[in-house]
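Have a look at the structure below, then the notes.
Taken together, the values in this text are just the output of simple stated rules run on the coordinates, not laboratory data. Being a predicted model, the structure only gives us computed values, none of them experimental.
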Amino acid sequence: MTPERPLDPNIVADCHRAWRVLLERYAWAILRDWSLAADAVQIAFISLSRFGADVEPKARKAWMFTTVHREALRIKSAENRHQSKAIASVRESEPRYEVSPLTRLSSSEELEELRARIASLPAEQRTIVNMRIVEDKTFGQIAEELQIPLGTALSRMRLALERLKNASE
């Protein structure tokens, strides 16, 4: 995996303001779903935030379109697989197995543990996680609502995810 070379959050925010709408339209042309298009663009901006220092300033816009294109195709492929599985499960005539009570208990314990880990995050990171996951807001919406640069919102989410990952190890 390529080592991270973060790009200045102010530059990421400037790029977001300049290209977000174009990139979302481009992703929509592939996905035909505005929320999926916004997700593809968000992932591309996360990549720009994490690895953008390796991209020449003149090449950033083209790099972003390439990244959005790849991400949109990945999302589309995942959506197609998901739809195929859903159709197959509807057609399945065999009775479905029941989840054992022990499995349910294990899942609820894991969920409670995750909630506790999220609650232990610093307030700034916890707010971003809740807005993104619970409220299903885009990073652009989060940045606008909290009146912070997009890069800051992305960085806080990345730090929160790293803390949650490290806490589980």
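A few remarks follow.
- Restricting the calculation to Cα atoms, every distinct pair contributes to the Kirkwood radius of the range 102-169, found to be 12.7 Å.
- With θ taken as phi - 60° and the Karplus curve 6.51 cos²θ - 1.76 cosθ + 1.60 applied, the whole-hertz 3J(HN,Hα) list for the range 51-63 is 10, x, 5, 7, 9, 4, x, 5, 9, 4, 5, 5, 4 Hz, x standing for glycine and proline.
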